Amino acid sequence: MEQKLERILMKVQKPARYTGGEYNQVIKDKSKIDLRVAFCFPDVYEIGMSNLGMRILCGLLNQRDNIWCERVFAPWGDMEEEMRKAQLPLYALESGDPVAEFDVVAFTLGYEMAYTNVLNMLDLSGIPIHSAERKDCFPLVIAGGTCCYHPEPFASFVDICNLGEGEDVLPEIMELCIKAKNEGWDKARLLREAAGIEGVYVPGLYEPEYKPDGTMAAFRPVDGAPKKVTKRIVQNFRESYFPVDTVIPSTEIVHDRVVLELFRGCIRGCRFCQAGYVYRPVRPRSPEILAEQARQALKNSGYDEITLSSLSTSDYRPLNCLCDELLDYCDPRNISLSLPSLRADNFSIDLMERVQRVRRTGLTFAPEAGSQRLRDAINKNVREEDLLNSCRIAFEGGWNGLKLYFMLGLPTETDEDVIAIADLAYKVLNVWKKHAKNKSRGPRITVSTSFFVPKPLTPFQWEAQISMDEYRRRVALLREHLRSKSISYNWHDPETSFIEAALARGDRRMGAVLEEVWRRGARLDSWGEYFSYERWIEAFEACGVDPRFYANRERERDELFPWDFVDVGVRREYMWSEREASRRSQITPDCRKMCMGCGAARIYTGGDCDE
Amino acid sequence: MSKQRLLFEKSGRAVYMSHLDLMRTMKRAFARADILLRHSEGFNPHPLISVALPLSVGQESVCELMDFELIGDMPADLISRLNAALPEGIRAAEAYEAGRKIKEIKWIKAQCLMSYDGGCTPELIEEIKGFLRADSIVIRKKTKRGEGELDLAANMELLELERQYSDTLRLELLVSAAEPTVNPALIVSAFEQLRPELVPDFMKVRRLELYDREKKVFR
């Protein structure tokens, strides 16, 4: 280890996250490698190492003998300060080599508030932040992840975006890079060729044009780039790569356990949920494959906990049979199994009791809205009686703690809907009073509200976010109606959600704001101790960009969106019809009850949706 | 089955793992090696392992001890299986039945490498020798109950001091392991409090050996 680093590590919090050397890290011989990839997660180690997507893609790339993919995370503030002081550039954990020496620098972008970390990590690496300033082919800066379904806000910083799931397309991009390296292409050629790969978006090959009112007039491809870029999905998800032999952190991370991915996509179609639309079609794995993956992953990791993960885990058809098989393995070994993402309408107490034999954690339900009318408007197809029934079963089963999650500011929300959240909480409390098995300790009911952020590529992409003042008023209204000592109420501060809303539907002009706010010191913006609303507002002002234009404006039906060139399968007309249905508080059945022909099946040539 | 003891080393990049990190890592390494540890009874069972004299983050050791209990007999190949399951820097050396109580450890031999970026003059070496061999070195030390005083001289012995490189001194110390517990890093605190001009630019500590009250090697 370099002496500079050795000295720094003694001065910072939790140094183990900066050293690498964990069990199962992948070390390769540099001299036998065709391509070196620095896989960057734009947040700290504890968050990034908990990310399944990163584990999948690093593992997948490292299966190839000629590629070495290493991990890079954002340093916490104290470490960044020491690194800058010592002029120690950002390095990859496995080799310790500076990121600037890599061929490909790949970022995975999962949430908008991580954008400033991308700029900061490039800068800490000594790599120019703008694509246009990087004249050479390599390091090539690429990005993927959920945020890339709408890459325009960070278009000027990355060379290549990968739209959709990375498993199939990332190796194709890597092959192209190897070819470019061997044949000595210039950057323009590499970018042109990359644009020919399905699912690859090269921002530099597109030119936006704006109307005087600030909306988009046109978005033109140049140099033969395709007009539409269709997202890539894993065509054979059933048998696709899953990391069962992954890096085991030496220090504690957020999700320190085996995560098993049951299926991709979601049958539900909640109108606010971007993941529910962009990850379609639904593709499950078989319980046999999953059980084997679980046994392998547990055996290889030594973890004593496994969790089942998917957008809506209880919608996995063979869930009971999978859990039985997993428990047969886990029980004698003191391994616990946990189930997140339970829906209140098909919640099985029997299953909960079986899996949570050891640690009885609290239960969480997310009705999202208080009134049935509003739940119908957002297509969260949970009926009040189902929710109360699930609560009754839970209370009878001995649970006393229950968390209820809601959003404030959903389209069409009225004061009545806000007060209905309180009513629902009181109904849950009454169910406890009537049915609780163990009343000696009292109920612990927690109501949490977040501030709704309209996301692109959902039926609510046309909607305005309510103002922060209006959100605060609704919080106060709800507080007034939640006066029971048995119910506690938590609400999110609106500032982050407002900035997030502006970024989520921003266009290319947002790049200047990102750069400005980063230059003013923004980083680690998803952390309360670093986020500064004032700094963001100052940056918007300095750039002459109004965040309200992006966050608080309702769009016309035919407005050209900066993400319209992205084809996620689900068609824009379908989103609009869902938006219209929401205005009528009309529900759309889930995909299993009836296929609505959303369009996602079009791009699924490898099988049938939900089969 | 009776209590077993593991002698292991912690060095290289693994020195930055905290005590809790180490416990988690050991637990997982046993599971990966498919060696079943006995668990506590009760609502939230945890494996019965304990690491003696927790090492500070950043310090190396070639003489760490961990007590554990197994379900079943000790496998003959325990050490090789465990080493295949441990991360870089943690190496199991020996496993044997735990005989003596950890409480009997009284002294720790430690090596301190002190770097002086300006170089180590013979005068500096003499100054340090003189300082560390004084009859009394009373320093303020933070304790759980606030601030206390500690006489380092009564609980520490300088065994060797030599120049290893032009800018690095190598010290060997005996420090008290218990009652009171003296961290070798306290010599830097002593410099800071009493002789600031002797404070090194960097110091690396490595535990070399454990001894009982009679200064016989403890295993």
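Listed values, structure above:
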{"quantity": "Neighbour-count order for A:SER440, A:SER95, fewest beta carbons within 10 angstrom listed first", "calculated": "A:SER440, A:SER95"}
{"quantity": "Cα shape, the range A:560-611, gyration tensor, a/c 1.5 rule", "calculated": "oblate"}
{"quantity": "Counting DSSP beta bridges with both ends in chain A, the antiparallel % (nearest 5)", "calculated": "20"}
{"quantity": "Partner aspartates and glutamates for A:LYS434 [C-alpha distance under 16 Å; skip if fewer than 8 residues away on the same chain]", "calculated": "A:GLU385, A:GLU396"}
{"quantity": "Distance from the range B:1-59 to the range A:582-602 (C-alpha centre basis), Å", "calculated": "52"}
{"quantity": "Residue with peak Gaussian network fluctuation, chain B [Cα springs, cutoff 10 Å], from B:GLU60, B:GLU97, B:GLU123", "calculated": "B:GLU123"}
{"quantity": "For the protein assembly as shown, size of Cβ-based charge dipole, Lys and Arg +1, Asp and Glu -1, in debye", "calculated": "2160"}
{"quantity": "Ellipticity estimate at 222 nm from DSSP helix runs (n ≥ 4, -39,500 (n - 2.57)) divided over chain B, nearest 500", "calculated": "-5500 deg cm²/dmol"}
{"quantity": "Aspartates and glutamates with Cα under 19 Å of A:LYS179, excluding same-chain neighbours fewer than 8 positions away", "calculated": "A:ASP34, A:ASP65, A:GLU101, A:ASP103, A:ASP136, A:ASP159, A:ASP168, A:GLU193, A:GLU198"}
{"quantity": "Using alpha-carbon coordinates, inclination of helix A:468-481 to the longest axis of chain A, degrees", "calculated": "30"}
{"quantity": "Point-charge dipole on Cβ atoms (K/R +1, D/E -1) for the range A:444-590, about Cα centre, debye to 20", "calculated": "580"}
{"quantity": "Percent of Cα pairs exceeding the 31 Å cut-off, where the set is the range A:3-230", "calculated": "20"}
{"quantity": "Least to most buried among A:CYS591, A:CYS137, A:CYS391 (fewest other Cβ within 10 Å first)", "calculated": "A:CYS137, A:CYS591, A:CYS391"}
{"quantity": "Across B:LYS27/B:LYS141; A:LYS14/A:LYS85; A:LYS187/A:LYS228; A:LYS32/A:LYS85, pairs whose alpha-carbon gap is larger than 27 Å", "calculated": "B:LYS27/B:LYS141; A:LYS32/A:LYS85"}
{"quantity": "Within a Gaussian network of chain B (alpha carbon springs, distance under 10 Å), most fluctuating of B:ALA31, B:ALA110, B:ALA95", "calculated": "B:ALA31"}
{"quantity": "The range A:398-492 - charge dipole about Cα centre, Lys and Arg +1 at Cβ, Asp and Glu -1, debye rounded to 20", "calculated": "940"}
{"quantity": "Length-normalised contact order of the range B:4-99 in % [C-alpha pairs under 8 Å, at least 6 apart]", "calculated": "50"}
{"quantity": "Proxy reagent accessibility, fewest Cβ within 10 Å first, across A:TYR329, A:TYR489, A:TYR303", "calculated": "A:TYR329, A:TYR489, A:TYR303"}
{"quantity": "Sum of side-chain charges, B:ALA14 neighbourhood, beta-carbon under 12 Å (Lys, Arg +1; Asp, Glu -1)", "calculated": "-3"}
{"quantity": "Cα-based Rg of chain B normalised by 2.2 N^0.38 Å, two decimals", "calculated": "1.14"}
{"quantity": "Gap separating the Cα centres of the range A:224-272 and the range A:1-70, nearest whole Å", "calculated": "20"}
{"quantity": "Estimated 222 nm signal from helices in chain A, with DSSP H stretches of n ≥ 4 weighted -39500 (n - 2.57), rounded to 500", "calculated": "-10500 deg cm²/dmol"}
{"quantity": "Selection from A:ALA539, A:MET174, A:SER440, by position along the positive dipole direction of the protein assembly as shown (Cβ)", "calculated": "A:SER440"}
{"quantity": "Of all DSSP beta bridges in the range A:123-258, antiparallel share, percent nearest 5", "calculated": "70"}
{"quantity": "10 Å-binned pair-distance histogram of the protein assembly as shown (Cα, whole percent)", "calculated": "2, 11, 19, 23, 20, 14, 8, 3, 0"}
{"quantity": "For the range B:105-212, fraction of C-alpha pairs farther apart than 21 Å, in %", "calculated": "32"}
{"quantity": "On Cα atoms only, tilt of A:494-504 relative to the major axis of chain A in degrees", "calculated": "50"}
{"quantity": "Max mean-square fluctuation residue, GNM over chain B, Cα-Cα springs under 10 Å, options B:ASN44, B:ASN155, B:ASN183", "calculated": "B:ASN44"}
{"quantity": "Under 21 Å from A:LYS433, Cα to Cα: lysines that are on another chain or at least 8 residues apart", "calculated": "A:LYS403, A:LYS485"}
{"quantity": "Relative contact order of chain A, pairs being alpha-carbon contacts under 8 Å that are 6 or more residues apart, as %", "calculated": "14"}
{"quantity": "FRET efficiency, 1/(1 + (r/R0)^6) with R0 51 Å, evaluated for B:ASP135 and A:LEU52 via beta carbons", "calculated": "0.25"}
{"quantity": "Spatial separation of Cα centroids for the range A:280-310 and the range A:443-502, in angstrom", "calculated": "34"}
{"quantity": "Rounded tilt (10° steps) of A:287-301 against the dominant C-alpha axis of chain A", "calculated": "60"}
{"quantity": "Percent antiparallel among DSSP beta bridges (both partners in the range A:3-230, rounded to 5)", "calculated": "30"}
{"quantity": "Percentage relative contact order, chain B, counting C-alpha pairs under 8 Å, at least six apart", "calculated": "25"}
{"quantity": "Largest-first ellipsoid semi-axes for the range B:4-99, taking √(5λ) over the Cα gyration tensor eigenvalues, angstrom", "calculated": "20, 15, 12"}
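Laboratory data are not the source of any read-out in this text; all were calculated from the coordinates shown. Small disclaimer: the values here were computed from a predicted structure and weren't measured. With ideal geometry, Cβ positions are generated from the backbone for all residues, glycine too; neighbour counts draw on all protein chains shown.
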